[in-house]
Amino acid sequence: QVQLVESGGGLVQPGGSLRLSCVASGLISSISPMGWYRQATRKQRALVATIISGGRTNYADSVKGRFTISRDGDKRTVYMQMNSLKPEDTAVYYCNACSGRNYWGQGTQVTVSS
């Protein structure tokens, strides 16, 4: 089993920044792919960014140049720095890890509004 705990969501004005964190515990290795997905109201969950072994990253086109995903030294914590936030970034953000199967965190709300 893998447990994922997210933090860092909140309310921010357009143009502002937030940093999300996700701490993984349990049967997860340092090379397990991890990432962030988001689900806005009445929309399907969609990929935001992923990071895999070796530090390779992948981003949704809508966040390229604004969001940065990273992973700490022991590879069990993943971060996402979100800059220049827009109202359309409003969603519940979920941490994801692949370790035999997909695991999900409980989600953290990000609201971008003036």
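The values are calculated or read from the model by the stated rules, or taken from the named source; none is laboratory data. Bear in mind the structure is a predicted one, so any value in this text is a computation, not a measurement. Virtual Cβ from ideal backbone geometry, glycine too; neighbours counted across all protein chains shown. These area figures cover heavy atoms from the full protein model, side chains too; ligands, DNA and RNA do not enter into them. Shrake-Rupley method; radii C 1.70, N 1.55, O 1.52, S 1.80 Å.
Look at the stretch 57-69: where a residue is within 18 Å of Pro87 (Cβ to Cβ) and among the basic types (Lys, Arg) and a partner is open to solvent by 20 Å² or more (accessible area, probe 1.4 Å) and part of a loop (DSSP other than H, G, I, E, B), sitting 6+ places away or on another chain with Cβ atoms under 9 Å, you get Arg66/Asn83; Arg66/Ser84; Arg66/Lys86.
Among residues of the stretch 8-26 that are farther than 22 Å from Cys98 by Cβ, those with a beta-carbon under 6 Å from a residue that is among the β-branched types (Val, Ile, Thr) and open to solvent by 30 Å² or more (accessible area, probe 1.4 Å) at least six positions away or on a different chain give the pairs Leu11/Thr111. If you go through the stretch 48-68 and keep only what is open to solvent by 60 Å² or more (accessible area, probe 1.4 Å) and modelled with pLDDT of 90 or more, you end up with Arg56, Thr57, Asn58, Asp61, Ser62, Lys64, Gly65, Thr68. For the stretch 1-47, taking the residues that are out of contact with any Ser or Thr (no Cβ under 8 Å at 6 or more places or on another chain) and among the charged types (D, E, K, R), the one that is most open to solvent (accessible area, probe 1.4 Å) is identified as Arg42.
Filtering the stretch 78-103 to residues that are open to solvent by 60 Å² or more (accessible area, probe 1.4 Å) and modelled with pLDDT under 95 leaves Gly100, Arg101, Asn102. As a summary of the residue check, Gln109 satisfies the conditions (1) open to solvent by 30 Å² or more (accessible area, probe 1.4 Å); (2) in contact with a Lys or Arg (Cβ under 8 Å, 6 or more places away or on another chain) except for the one numbered (2).
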